[in-house]
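Working notes, beginning with the structure itself.
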Amino acid sequence: MKIVSSWLKDFVDVEWTPQQFSDDLTMVGLEVESYEDLAATYDKFVVGKVVSCEKHPKADRLTVCRVDVGSEELQIVCGAPNVAPGQTVPVGLVGATVPHGQHDPDGKPFVLGKVKLRGVDSSGMICSAKELGLGTDGDGIMVLTTDARPGTPLAIALQRNDVVYEIGITPNRPDCLSHLGVAREVAIQTGGEVRRPAITLKESGEPAAKLASIEIRDADLCPRYCGRVLSDVRVIPSPEWLQRRLELAGVRPINAVVDATNYVMFELGHPLHAFDLDRLDGHAIVVRRAGPDAEFTTLDGRSRQLRPDMLMICDRSRPVAIGGVMGGENSEVSETTTRLLIEGAYFLPSNIRRTARTLGLSTEASYRFERGADPEMAKLAVERTAQLIQELTAATVHPGLIDVYPKGMEASRIRFRPRRANEILGTNIEPSAMRSYLGRLGAHVTANGEEELVVVPPSFRVDISEEIDLIEEVARVHGYNNIETQTRSAIDFSIPTAPARVADEARSHLIGAGWREIMAISLQPETVASLGGPAPIKVLNPVSAEMQALRTSMIPGTLDIVRLNLHRGNKDLRLFEIGKVYRRSSENLASVEDVVEEDRLMMAWAGVAAPVAFDRPSREVDLMDLRGEVDALLRRVCLDKYRFLPYRADNTLTESALSLEINGTYGGWFGEVRRDIAKRFEIEVPIFVGEIALPVLEQAWTRDRTFRPLPRFPHVVRDLAFVVERTMPQGDLEDLIRLTAGPLLESLVLFDAYQGAQTGGGRRSLAYSLAFRSPDHTLTDAEVDAHIRAIVDRARSVCGAELRS
Amino acid sequence: MNDRIEQVRAAARAEAASLTNADALERFRLSFLARKGSVADLFDQLRHVTAADKPAVGKALNELRTEVQGIYDGAKEKVDSSAQRTSIDLTLPGRPLFAGSRHLVSQTLEEFQRVFVSMGFDIVEGPEVESDYYNFEALNFPPDHPARDMQDTFFVSPSVLLRTHTTPVQVRIMEKRKPPVRAIMPGRVYRNEAVSARSLVQFHQVDGVYVDKGVTFAELKGTLVAFAKRYYGSSIKYRFRASYFPFTEPSAEMDITCYLCAGKGCRVCKHSGWLEIVGSGMVHPNILKRVGYDPEEVSGYAFGFGVERTVLLRHGIDDIRLLYENDVRFLEQF
């Protein structure tokens, strides 16, 4: 909402600087987002009088002018064809910033210096309207009609010395969507008086009631409708002062009638509408629901589909306006209009909002009505508009206001306990002070016994309906910063504290292990989300197709991030994310229970297996590198309660995958991204990825670990190398060794896997280091030998493994 | 014989000082200690010594051998260790390891949590795909209320949406627990806004709530000031100003002096000298009633921080999209 300083001063005296004004209003909830000091725009611009003009000695098109700027006479070289002695002109002095540079392609501002033009000194510049940002005319200098004396600041001469404030009005304060409303808030702060506009109408001619009729059929949606009838109206342009105020408020002037309705809306906050009375069938207004009327053309020329419960302003035969939203083409004021019916009504906010939303049509009027207008203002607003049109066009105002207000609106009476206010605020404000605060708001306050007040808020404060609303008002007028800060130091042991979470444990492990945490966007294209699982949850009103569906896996989004990094030359990537994936648990999404959100840990690795060092050759990462990292993580989190299972089942994303079983439950998978999938993301290098379900990991997280005594007896280490068929999985042999060795086998390490000439074609060598230890005695060679023999025998018979000499 | 022993001893001692490199050592070894060296030569001649003299001469020879060997060993140790030292190029780089890093938003969430946990707050989470009821209605946004315009919403069905704030978790936790309730609620939220440097369909919030007997607006101020001093430093200045949220009343915004310009006014604080850091207020009585609490018995305060906003301001990042692009060159800076 734009507030113009001179307009505001019509209603309240205010002496603050723009900064003070901004700060003080912001503190009470009217946030001044920015302000523009128009006078500052024309700093160092003054009114000048052209004394003489001579041809430039060296340039035909230039004129050397002597210009009186009050304090002195300047020599200015001017290129405009229309400059002439005796003209009153806008002059930019040396040092002024010209708002619109005419020779700059983008019209950037520039600073005036003292220059020589073709050898002649020029101190300043006579400006065109375009250069001053005051119009489109750039062909010649602007000639002023002002009688201001030379040297007068241009801002004052042009009456452009306003400050325009942009104020963010929260939805609860529709009463502040006007200059009068902001003036009321200013007066609360300054303790000053608010001046409401005085209405002086000169009524004449036939009574209004004989010229027009108003009937409300659906009073639930329109409790009040006021009308004024005017004739002998001339649809002419508004005077400059009014046009300028509207422009500063952000509205384009149209004609005196439309401008008057807009002006009064920005002044008093109440939306108005002017009908061409002669275009109303039967000179009648009937306020009713649309019913069977299906289509309507609004005055912006667009045809609108109506719904039966939309409130329409109609004449005898047809709708003529969408109540509180926009007028119709069929009753619009035109150049030939001579008679008007001015509407000032009050509409039910929720119905206006529904209508505006359904039609996708938000107007200054609907914006105010849906937030809540003041039913008592309807009358004043109509009177004020009639007065303004009479002043502007010398129209006849017919005697009598037609005011249909069948039930009236009941003002709320609110019980207010000062003690309660102090309890909520943590203050010791005297009840008498509270009473005075509420009085300053315009509320009617009466005592109701010792402890209680009864408060009737002013009709424009539609946001005040209960005690807590009044408590907020007391705090606001008292000043939030006058309430002291307090803290409660007693510790309340009954409040639970947050438990440790496996996600934090995993995160700190991975960061320490050299992984970078990323965060991706949960919304992605549907095609991408579908890669991770069927039927992703879709947003019905996406901001773009790029952000339409919720991710079902973290991998596809990660591939996008990998692509971005590869394209930017970041080749070695070890990325992880802790986040959610989303899937539906039933076809339709009728409730939150139809959605499953699962926390996951994602890892992705591309590039080298270890950073290049001076004596370490670089090698590309492979699946076993990733498996080693996952091992380290899982061992930290849940000791040995997990295992990997090779699987090659259908998987849309990976090939050569391992699935992960944690504590007997499926907990995730790891693998290499399928080449065709990687290609879709323009990734040409191998990339290894995996996801772990964090709830499964959380379940298995072993924190209450029991101490195992440290071994007291030495271990015995033996190395065994087997030659096996290449097709035999290492895991089979390893399982067999563990099983055969029994509980004395403390550890088993595969320290070499080799395949080449020495092993013979189709065979490979697997070398293990086995450590044996007994908890209760020192193992003898004979004991260990017996185990080794058993292992060798079974390896041969079960796996066909030959001991390598 | 004894004379010859003393000659060799003197010769060996004379050379000791010159044994500063491997060549000299080797010459010394060959000359004195090798199989054909002068010490071995003397042992050879032991057999010409009379039986009576043998023990004394043998003892002297042994002493000679020990001394010469000692000279050699001592010198060799010095030569070896200095040789070893000069063979390492101490300017070689370390063999690098992969470096890890924590995402900035995740770092900031943790910092918020650490401060609030230290002040006795529990941490609670709630669903991101939320019902219209919890996201709006239970929080005093009736249907057809303009306050809904404050939060542009993604719907996944007519009654289910992507939550626009973490405030619905307040209602969920109050439904489950009896007062006192004191918790923060971090999480991801969504707004249907055009993507720009300032706005990206998703961001994170940290909501907080405390409901108990006699909780006051003054305490809300005290708690947020305590947080701000721990997070931004004890020298900050602050102000509370009136605002509006449907679910709190009175509602307030807290500003702190802009730490980039120290309140003088700059581009970041839009020349106001102030930065808005948290929206807050007293839990609206309607919400307490809706979860089955008696507003005459208990009262509470609530607040909500925007995490990304805090991150951008604190680290001087001018585009929110950088946070979710995850360019490694960005990640490794933090």
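The values are calculated or read from the model by the stated rules, or taken from the named source; none is laboratory data. Only a predicted model underlies this, so the values are computations on that prediction, with no experimental measurement involved. All Cβ positions, even for glycine, are placed from backbone atoms using ideal geometry, and neighbour counts span all protein chains on display.
Step by step: first the residues of region A:18-45, then only those that are out of contact with any Cys (no Cβ under 9 Å at 6 or more places or on another chain) and more than 14 Å from chain B (Cβ to nearest Cβ), then the one that is nearest to B:GLU249 (Cα to Cα). Which residue is that?
Here the answer is A:LEU38.
Among the strands (runs of 3 or more DSSP E) confined wholly to region A:671-781, which include 1 or more residues that are acidic (Asp, Glu) and in contact with a strand residue (DSSP E or B) (Cβ under 8 Å, 6 or more places away or on another chain)? Spell out how you get there, then give the answer.
Values: elements: A:687-693, A:716-725, A:745-754, A:763-772.
Passing ranges, in order: A:687-693, A:716-725, A:745-754.
Of all residues in region B:141-151, which are within 7 Å of chain A (Cβ to nearest Cβ), in contact with a helix residue (DSSP H, G or I) (Cβ under 6 Å, 6 or more places away or on another chain) and either surrounded by 21 or more Cβ atoms within 10 Å (Cβ to Cβ) or more than 16 Å from A:PHE369 (Cα to Cα) (or both)?
Residue satisfying the conditions is B:PRO146 alone.
So which residues in region B:265-284 are surrounded by 17 or more Cβ atoms within 10 Å (Cβ to Cβ), outside any strand (DSSP E or B) and touching a residue at least 24 places away in the same chain (Cβ under 8 Å)?
If the condition is that a residue be surrounded by 17 or more Cβ atoms within 10 Å (Cβ to Cβ), outside any strand (DSSP E or B) and touching a residue at least 24 places away in the same chain (Cβ under 8 Å), then B:HIS284 is the only one that fits.
Look through A:LEU177, A:LEU248 and report the one residue that is touching a Lys or Arg at 6+ places or on another chain (Cβ under 8 Å), touching a residue at least 24 places away in the same chain (Cβ under 8 Å) and closer than 29 Å to A:MET310 by Cβ.
When all the criteria are applied, what remains is A:LEU177.
Just to verify a result, which residue in region A:645-657, among those that are surrounded by 13 or more Cβ atoms within 10 Å (Cβ to Cβ) and either of a type outside the set (A, V, I, L, M, F, W, C) or modelled with pLDDT of 90 or more (or both), is farthest from A:ILE683 (Cα to Cα)? Don't jump to the end; show me each part of the working.
Within region A:645-657, the subset surrounded by 13 or more Cβ atoms within 10 Å (Cβ to Cβ) is A:647, A:651-657.
This time we only want the ones that are either of a type outside the set (A, V, I, L, M, F, W, C) or modelled with pLDDT of 90 or more (or both), so: A:647, A:651-652, A:654-656.
Details: A:TYR647: 24, A:ASN651: 19, A:THR652: 16, A:THR654: 14, A:GLU655: 16, A:SER656: 18 Å.
Ranking the qualifying residues of region A:645-657, first place goes to A:TYR647.
Which one is farthest from the other protein chains (Cβ to nearest Cβ) among residues in region B:152-179 that are touching a residue at least 40 places away in the same chain (Cβ under 8 Å) and more than 34 Å from the chain's Cα centre (by Cα)? Talk me through it step by step, then tell me what you get.
Taking region B:152-179 and keeping what is touching a residue at least 40 places away in the same chain (Cβ under 8 Å), we get B:152, B:154, B:165-175, B:179.
Those left that are additionally more than 34 Å from the chain's Cα centre (by Cα): B:152, B:154, B:175, B:179.
On the way: B:ASP152: 9, B:PHE154: 5, B:GLU175: 13, B:PRO179: 10 Å.
Among those that are touching a residue at least 40 places away in the same chain (Cβ under 8 Å) and more than 34 Å from the chain's Cα centre (by Cα), it is B:GLU175.
Among (1) in contact with a strand residue (DSSP E or B) (Cβ under 9 Å, 6 or more places away or on another chain); (2) within 14 Å of chain B (Cβ to nearest Cβ), where does A:THR145 come up short?
(2) is the only condition that A:THR145 fails.
If B:ARG148 satisfies all but one of (1) free of Cβ contacts under 8 Å to residues at least 60 places away in the same chain; (2) over 29 Å from A:ARG354 (Cβ atoms); (3) outside any loop (DSSP other than H, G, I, E, B), what's the number of the condition it fails?
(2)
Yes or no: A:ASN570 within 9 Å of chain B (Cβ to nearest Cβ), over 23 Å from B:VAL160 (Cα atoms) and not in a strand (DSSP E or B)? Can you show your working first?
Working: within 9 Å of chain B (Cβ to nearest Cβ): yes; over 23 Å from B:VAL160 (Cα atoms): yes; not in a strand (DSSP E or B): yes.
Here the answer is yes, as A:ASN570 does meet what is asked.
All but one of (1) part of a strand (DSSP E or B); (2) farther than 23 Å from A:GLU734 by Cβ; (3) among the small types (Gly, Ala, Ser) hold for A:GLY668, so report the exception by its number.
Condition not satisfied by A:GLY668: (2).
Looking only at region B:86-102, decide whether some residue is at the interface with chain A (Cβ under 10 Å from one of its Cβ atoms) and either in contact with a Cys (Cβ under 9 Å, 6 or more places away or on another chain) or buried (at least 22 other Cβ atoms within 10 Å of the Cβ) (or both).
Looking for residues that are at the interface with chain A (Cβ under 10 Å from one of its Cβ atoms) and either in contact with a Cys (Cβ under 9 Å, 6 or more places away or on another chain) or buried (at least 22 other Cβ atoms within 10 Å of the Cβ) (or both), one finds none in region B:86-102, hence no.
For region B:1-54, give me each residue that is within 60 Å of the chain's Cα centre (by Cα), among the hydrophobic types (A, V, I, L, M, F, W, C) and either surrounded by 12 or more Cβ atoms within 10 Å (Cβ to Cβ) or part of a helix (DSSP H, G or I) (or both).
B:ALA16, B:LEU19, B:ALA22, B:ALA24, B:LEU25, B:PHE28
Please go through region A:484-510 and give me each residue that is touching a strand residue (DSSP E or B) at 6+ places or on another chain (Cβ under 8 Å) and either without any contact (Cβ under 8 Å) to a residue 40 or more places away in the chain or within 8 Å of chain B (Cβ to nearest Cβ) (or both), ordered by number. So that I can check it myself, show each step before the final result.
Keep residues of region A:484-510 that are touching a strand residue (DSSP E or B) at 6+ places or on another chain (Cβ under 8 Å), which gives A:492, A:495-498, A:503, A:506-507, A:510.
Once the filter is applied, which keeps residues that are touching a strand residue (DSSP E or B) at 6+ places or on another chain (Cβ under 8 Å) and either without any contact (Cβ under 8 Å) to a residue 40 or more places away in the chain or within 8 Å of chain B (Cβ to nearest Cβ) (or both), region A:484-510 yields A:ASP492, A:ILE495, A:PRO496, A:THR497, A:ALA498, A:ARG507, A:LEU510.
Return the total of residues in region B:152-187 being surrounded by fewer than 23 Cβ atoms within 10 Å (Cβ to Cβ), part of a loop (DSSP other than H, G, I, E, B) and not basic (Lys, Arg).
Qualifying residue count for the region: 7.
Of everything in region A:67-90, what is β-branched (Val, Ile, Thr), under 51 Å from the mean Cα position of the chain (by Cα) and assigned to a strand (DSSP E or B)? Give them in sequence order.
A:ILE76, A:VAL77, A:THR88, A:VAL89
Test B:ALA194 against the stated conditions and say whether it is out of contact with any helix residue (DSSP H, G or I) (no Cβ under 9 Å at 6 or more places or on another chain) and either facing chain A (nearest Cβ under 10 Å) or not in a loop (DSSP other than H, G, I, E, B) (or both).
On the way: out of contact with any helix residue (DSSP H, G or I) (no Cβ under 9 Å at 6 or more places or on another chain): yes; either facing chain A (nearest Cβ under 10 Å) or not in a loop (DSSP other than H, G, I, E, B) (or both): yes.
Against the criterion (out of contact with any helix residue (DSSP H, G or I) (no Cβ under 9 Å at 6 or more places or on another chain) and either facing chain A (nearest Cβ under 10 Å) or not in a loop (DSSP other than H, G, I, E, B) (or both)), B:ALA194 qualifies.
Within region B:311-323, is there a residue that is of a type in the set (D, E, K, R), assigned to a helix (DSSP H, G or I) and crowded, with 17+ Cβ neighbours inside 10 Å?
Just the residues of region B:311-323 that are of a type in the set (D, E, K, R), to begin with: B:314, B:318-319, B:321.
Adding the requirement that they be assigned to a helix (DSSP H, G or I) leaves B:314, B:321.
Remaining after also requiring crowded, with 17+ Cβ neighbours inside 10 Å: none.
No: region B:311-323 contains no residue that is of a type in the set (D, E, K, R), assigned to a helix (DSSP H, G or I) and crowded, with 17+ Cβ neighbours inside 10 Å.
Does region B:134-150 contain any residue that is at pLDDT 95 or above and in contact with a strand residue (DSSP E or B) (Cβ under 7 Å, 6 or more places away or on another chain)?
yes
Restricted to region A:131-180, and to residues that are assigned to a loop (DSSP other than H, G, I, E, B) and among the small types (Gly, Ala, Ser), which residue is surrounded by the most Cβ atoms within 10 Å (Cβ to Cβ)? First the steps, then the outcome.
Here is the first cut: in region A:131-180, the residues assigned to a loop (DSSP other than H, G, I, E, B) are A:131-152, A:158-162, A:169-173, A:177-178.
So of that shortlist, the ones also among the small types (Gly, Ala, Ser) come out as A:133, A:135, A:138, A:140, A:148, A:151, A:178.
On the way: A:GLY133: 15, A:GLY135: 11, A:GLY138: 16, A:GLY140: 15, A:ALA148: 15, A:GLY151: 16, A:SER178: 27.
Checked region A:131-180; the qualifying residue surrounded by the most Cβ atoms within 10 Å (Cβ to Cβ) is A:SER178.
Among the residues of region A:518-541, how many are more than 7 Å from every other protein chain (Cβ to nearest Cβ) and assigned to a loop (DSSP other than H, G, I, E, B)?
We begin by selecting, within region A:518-541, every residue more than 7 Å from every other protein chain (Cβ to nearest Cβ); these are A:524-536.
Within this subset, residues satisfying the condition of being assigned to a loop (DSSP other than H, G, I, E, B) are A:525, A:533-536.
Final tally of qualifying residues: 5.
Can you report the number of residues in region A:590-629 which are closer than 30 Å to B:LEU162 by Cβ, within 8 Å of chain B (Cβ to nearest Cβ) and not aliphatic (A, V, I, L, M)? Quick ask: steps written out before the conclusion?
To start, the set of residues in region A:590-629 that are closer than 30 Å to B:LEU162 by Cβ comprises A:590-604.
When the remaining residues are screened for being within 8 Å of chain B (Cβ to nearest Cβ), the result is A:590-592, A:594-595, A:597.
From what is left, the residues that are not aliphatic (A, V, I, L, M) are A:591, A:594, A:597.
Going through region A:590-629 one residue at a time, the tally reaches 3.
So which residues in region B:103-120 are over 22 Å from B:ILE320 (Cα atoms), within 8 Å of another protein chain (Cβ to nearest Cβ) and in a loop (DSSP other than H, G, I, E, B), if there are any at all?
The answer is B:GLY120, and nothing else.
Identify, from the list A:ARG563, A:ARG551, the residue that is more than 7 Å from every other protein chain (Cβ to nearest Cβ), under 26 Å from B:ASP327 (Cβ atoms), basic (Lys, Arg) and touching a Gly at 6+ places or on another chain (Cβ under 8 Å).
Details: A:ARG563 fails: touching a Gly at 6+ places or on another chain (Cβ under 8 Å).
The match here is A:ARG551.
Please identify the pairs in which a residue from region A:683-702 that is farther than 18 Å from A:MET554 by Cα has its Cβ atom under 6 Å from the Cβ atom of a residue that is part of a strand (DSSP E or B) and modelled with pLDDT of 95 or more, counting only partners at least 6 apart or on another chain.
Qualifying pairs under 6 Å: A:VAL685/A:ALA606.
So for region A:370-386 (the condition being part of a helix (DSSP H, G or I), touching a Lys or Arg at 6+ places or on another chain (Cβ under 9 Å) and facing another protein chain (nearest Cβ under 10 Å)), does at least one residue qualify? Quick ask: steps written out before the conclusion?
Of region A:370-386, the ones part of a helix (DSSP H, G or I) are A:370-371, A:377-386.
Remaining after also requiring touching a Lys or Arg at 6+ places or on another chain (Cβ under 9 Å): A:370-371, A:378-380, A:382-383, A:385-386.
Checking the rest, the ones that are also facing another protein chain (nearest Cβ under 10 Å) come to A:370-371.
For region A:370-386, residues part of a helix (DSSP H, G or I), touching a Lys or Arg at 6+ places or on another chain (Cβ under 9 Å) and facing another protein chain (nearest Cβ under 10 Å): present.
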